[in-house]
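What follows is a set of notes on a single structure, which appears directly below.
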Amino acid sequence: MDFLQRLTVGEWTAWVVVVALNAYVIFAGADFGGGVWDLLAWGPRKQQQRELVAHAIGPIWEANHVWLIVVVVVLFVCFPPAFAAFGTVLHLPLSLMLIGIVLRGSAFVFRAYSYGPRSEQRRWGQVFAISSLVTPIVLGMCVGAVASGRVGNALADVGHGAAGVLPSLLDATPPAQMSFAAIYVAPWISPFTLAVGALTLALFSFLAATYLTIEATGQHELQEDFRRKAIGAAVVSMVVAAIALALGASSGGVLARLVGVGWSFPLLAISGMFAIAAVVALMKRRYQLARVAAGAWVTLVLWGWVMAQFPYIIPPSLTIDAAAAPRRVLVETLAVLGAGAVVLVPSLWYLIRVFKTRR
Amino acid sequence: MPDLLAARSQMAMSLAFHIIFSVIGIGLPLLMVIAEWRWMRTGDATYLDLAKRWSKGAAILFAVGAVSGTVLSFELGLLWPNFMRFAGPIIGMPFSLEGFAFFTEAIFLGIYLYGWDRISRGAHLFSGIVVALSGVLSGIFVVMANAWMNSPTGFDLVGGKAVDVRPFAAMANAAAFSQTLHMTLAAYAATGLGVAGVHAIMILRGNTAKFHRYALAIAVAVGAPASLLQPVSGDISARYVAQAQPVKLAAMEAHFTTQRGAPLHVGGWPDEEKRETRWAIRIPYGLSLLAFRDPDAEVRGLSDVPRDEWPPVAIVHVAFQIMVALGTCMALVSVLALWRWWRGHGSDALTTSRLLLRGLALATPMGFIAIEAGWTVTEVGRQPWIVYGILRTADAVTPMPGLVVPFLVFTLLYVLLGVIVVYMLRQHIVRAPREDAGQ
């Protein structure tokens, strides 16, 4: 565990961001996946499938969504140059993601509280479902853009933060003679980022279908529907994950570390075992086990990516420590996050106990 | 459209949209908790009906508020990356705390909305109280972060960089108290009188079901005291601004020349070129008195500072006049309402005065317009600075060109959402009971 002892305060804080992102993926990710299954609902139990999704995510999606706010806030408080860089280079996909988030959330409550005719509710349902499909893809593309080093390279090219040297406050940075597309579009559109986008969508859908098998307890046919969907999504996720891994590893740079020395590959290998465990559990109808394995799989995929680019926050050159705010800010923020967790954890536990336990 | 203007417009539009939802998100939970508490005390099912209907409105508004707030937290980086690079660590503390308040609010709102049949009555009421409290706390923390932009502190500036950052000192900045007090009261005043106005309109239309009478009483009980206290808090704010941000005060009051015994301009139109204010009612010594409690106090005018450090004077002055005028109307209606309540020995006296009902109906949108105007005063009045005296807005904006496109896209999105929300709420109000059921 000398790895842990060597961590700086900045790196500890970065792990807090990863944990919050992890929670967002595991919980809110499944809410987006639920929207995907609303879109893909078919067969004789189409309507029941949609109702189960709405019933499952209704009470919890807003709380789950807040994990994203935590990620954003800790990023801009503790790693302001990185936040500024993401906001600049990824302006377009982040804006798209926000539009997706706005439409998804609004359409969901509009449908839930509509007194209008059925056709109107159906329309909200479509908006909800389509935005649930688009948002995870764009989120994944942003992750892929950072991981592949393309965001970092775009920044270096415009002299924004090369080699971890950060311009001071007041020097506005006019982009050099680079085209708009080279700075603001190319970093997030590539085969690899598209593969990560597809993987995000597939994993979110897989999580949702797996969780929904438990939500459907007592409704055998509905449960079987989601069991089949979960297995299908798991297979798709495995294929896309393999493609993303191959594309990443062959592109060199930080991504070569996905399969090279270090912690990344072992984590990804274990994630593969959990993937197989989840599928086997679903086949054997061991749903509680499947849920745990599914969560572990997705978590380890995320951590595998993080370990591949550690200690960089924006590969290939901006390290976590170079981007970190002054030590006092980090320490006080960590203290507040710890104190906040004392309120948050029991509250979340209560929420889950009220809505997610059998009665 | 220049990129800086587009970025400012997008931010202004996003804030103007979000603030309506966050204000109702602070006020409405208090109303629904009071209704639920009355139900538990009296056993009158009308109160329960009221709590449930208000909570449905709260659900729609909270969801739109939450997603539009998410947009804002990203826009800080999408539009103002250089501001965040400088200010992120300094103003992070209130944002981190707000994160938790918002988290708590979202969790307990979920429990409140979907938990009617799943938890005990006491636990349910408790959830509502947590929603109401964490809503206020969220608002206070966010406004504290904004107050720092007006009154930056908690760091030392060395060579354009912030060093020795002290997050808690930054949070406890000099503007924090007056701004959070003013905003919190505004939230209760606007929501209280806004809801009261809707029900007053229904009663004026002849629908005197108990539902509307009870709703009116609860809404007035929240909105009227807040509206009465608001002028006092406004005075505290104005005196702070007079002392700490003299340029903003000068713009608010359209006051061009530094002088002792400065008059107060009511209304009027400031001419920035000629440096004079036309068509205003002048109250001699008024400004010196109000700002410094001394008729001979010197009030600095805009001419004291270079032209490129002026905010857009006309916008700030007119917005300030609108805010004060509407706030005054709201306070007057509130006096009338509370007087009738007290003299009539009970809340039913509210529904027997058509004058009062008309006044409340007229006041329905006033609080929200006043809030938009007030934020125009504080934000436009701080220009050309994003961090007062330290960082100019023009230096904080993203280098990305073509910002007019995201501005138009988000404007279109919000206009659409706004229309839909109004339509949805209308449906809910129209469906309110016309008669007292089963009794």
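The values are calculated or read from the model by the stated rules, or taken from the named source; none is laboratory data. Predicted model, so just to flag it, every value in this text is computed and none were measured. Neighbour counts run over all protein chains shown; Cβ positions are idealised from the backbone, glycine included.
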Practice item. Would you point out which residue out of B:Leu413, B:Leu408 is surrounded by fewer than 18 Cβ atoms within 10 Å (Cβ to Cβ) and modelled with pLDDT of 90 or more? Key: B:Leu408
Exercise for review: Report, ordered by the first and then the second residue, all pairs with beta carbons closer than 7 Å, sequence separation of six or more or different chains, a first member in the stretch B:397-418 that is facing chain A (nearest Cβ under 9 Å) and more than 18 Å from B:Phe74 (Cβ to Cβ), and a second member that is among the small types (Gly, Ala, Ser) and surrounded by fewer than 15 Cβ atoms within 10 Å (Cβ to Cβ).
Suggested key: none
Exercise for review: Evaluate the stretch A:115-125: report whether one residue or more is within 7 Å of chain B (Cβ to nearest Cβ), at pLDDT below 90, more than 30 Å from A:Ala323 (Cα to Cα) and touching an Asp or Glu at 6+ places or on another chain (Cβ under 8 Å).
Suggested key: no
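Residues of the stretch B:359-392 being polar (S, T, N, Q) and under 22 Å from B:Ala254 (Cβ atoms), which ones?
B:Thr376, B:Thr378, B:Gln383
Looking only at residues in the stretch A:54-92 that are free of Cβ contacts under 8 Å to residues at least 24 places away in the same chain and of a type in the set (A, V, I, L, M, F, W, C), which one is farthest from B:Gly77 (Cα to Cα)? Walk me through it before giving the result.
Taking the stretch A:54-92 and keeping what is free of Cβ contacts under 8 Å to residues at least 24 places away in the same chain, we get A:66, A:69, A:72-73, A:76, A:83-84, A:87.
Checking which are of a type in the set (A, V, I, L, M, F, W, C) leaves us with A:66, A:69, A:72-73, A:76, A:83-84.
Numbers: A:Val66: 18, A:Ile69: 13, A:Val72: 10, A:Val73: 11, A:Phe76: 8, A:Phe83: 6, A:Ala84: 5 Å.
Here the residue is A:Val66.
Okay, residues lined up against (1) touching a Lys or Arg at 6+ places or on another chain (Cβ under 6 Å); (2) among the aliphatic types (A, V, I, L, M); (3) modelled with pLDDT of 90 or more; (4) part of a helix (DSSP H, G or I):
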| position | (1), (2), (3), (4) |
| --- | --- |
| B:Gln243 | no, no, yes, yes |
| B:Val247 | no, yes, yes, yes |
| B:Ala251 | no, yes, yes, yes |
| B:Phe256 | yes, no, yes, no |
Review point. What number of residues within the stretch B:146-155 are away from chain A (no Cβ under 11 Å) and touching a strand residue (DSSP E or B) at 6+ places or on another chain (Cβ under 7 Å)?
Key: 2
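Conditions tested, residue by residue: (1) closer than 22 Å to A:Leu40 by Cα; (2) part of a helix (DSSP H, G or I); (3) in contact (Cβ under 8 Å) with a residue 24 or more places away in the chain; (4) not basic (Lys, Arg).
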{"site": "A:Arg227", "(1), (2), (3), (4)": "yes, yes, yes, no"}
{"site": "A:Ala244", "(1), (2), (3), (4)": "no, yes, yes, yes"}
{"site": "A:Leu255", "(1), (2), (3), (4)": "no, yes, yes, yes"}
{"site": "A:Gly262", "(1), (2), (3), (4)": "no, no, yes, yes"}
{"site": "A:Met273", "(1), (2), (3), (4)": "no, yes, no, yes"}
{"site": "A:Ala277", "(1), (2), (3), (4)": "no, yes, no, yes"}
{"site": "A:Val280", "(1), (2), (3), (4)": "no, yes, no, yes"}
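If we scan the stretch B:348-363, do we find a residue that is of a type in the set (D, E, K, R), touching a residue at least 12 places away in the same chain (Cβ under 8 Å) and within 30 Å of B:Arg307 (Cβ to Cβ)?
Checked the stretch B:348-363: no residue is of a type in the set (D, E, K, R), touching a residue at least 12 places away in the same chain (Cβ under 8 Å) and within 30 Å of B:Arg307 (Cβ to Cβ).
Residue-wise test of (1) facing chain A (nearest Cβ under 7 Å); (2) within 30 Å of A:Thr357 (Cα to Cα); (3) modelled with pLDDT of 90 or more.
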position: B:Arg85; (1), (2), (3): yes, no, no
position: B:Ala123; (1), (2), (3): no, yes, yes
position: B:Ser127; (1), (2), (3): no, yes, yes
position: B:Ser134; (1), (2), (3): no, yes, yes
position: B:Met144; (1), (2), (3): no, no, yes
Point to revise | Which listed residue is within 14 Å of another protein chain (Cβ to nearest Cβ) and of a type in the set (A, V, I, L, M), from A:Ala294, A:Ala308, A:Ala281, A:Ala322 | key: A:Ala322
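Tell me which residues, restricted to the stretch B:262-282, are surrounded by fewer than 17 Cβ atoms within 10 Å (Cβ to Cβ) and touching a helix residue (DSSP H, G or I) at 6+ places or on another chain (Cβ under 9 Å).
At the first step, the residues of the stretch B:262-282 found to be surrounded by fewer than 17 Cβ atoms within 10 Å (Cβ to Cβ) are B:266-267, B:269, B:271-276, B:278-279, B:281-282.
Within the stretch B:262-282, B:Val266, B:Gly267, B:Trp269, B:Asp271, B:Glu272, B:Arg275 qualify.
Residue-by-condition table, conditions (1) in contact with a Pro (Cβ under 7 Å, 6 or more places away or on another chain); (2) of a type in the set (Gly, Ala, Ser); (3) part of a loop (DSSP other than H, G, I, E, B); (4) within 27 Å of B:Gly223 (Cβ to Cβ):
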{"site": "B:Ala349", "(1), (2), (3), (4)": "no, yes, no, yes"}
{"site": "B:Leu355", "(1), (2), (3), (4)": "no, no, no, yes"}
{"site": "B:Leu360", "(1), (2), (3), (4)": "no, no, no, yes"}
{"site": "B:Phe368", "(1), (2), (3), (4)": "no, no, no, yes"}
{"site": "B:Gly374", "(1), (2), (3), (4)": "no, yes, no, yes"}
{"site": "B:Val377", "(1), (2), (3), (4)": "no, no, no, yes"}
{"site": "B:Ile386", "(1), (2), (3), (4)": "no, no, no, no"}
{"site": "B:Asp395", "(1), (2), (3), (4)": "no, no, no, no"}
{"site": "B:Met400", "(1), (2), (3), (4)": "no, no, yes, no"}
Point to revise | All helices (runs of 4 or more DSSP H) inside the stretch B:119-228 with 2 or more residues being touching a helix residue (DSSP H, G or I) at 6+ places or on another chain (Cβ under 6 Å) and among the aromatic types (Phe, Trp, Tyr) | key: B:121-150
Practice item. Considering each residue of the stretch B:69-83, count those that are facing chain A (nearest Cβ under 7 Å) and either among the aliphatic types (A, V, I, L, M) or closer than 17 Å to B:Val421 by Cβ (or both), and give that number. Key: 4
Exercise for review: Evaluate the following for A:Pro81: is it touching a Lys or Arg at 6+ places or on another chain (Cβ under 8 Å), farther than 18 Å from B:Phe108 by Cα and either surrounded by 21 or more Cβ atoms within 10 Å (Cβ to Cβ) or within 7 Å of chain B (Cβ to nearest Cβ) (or both)?
Suggested key: yes
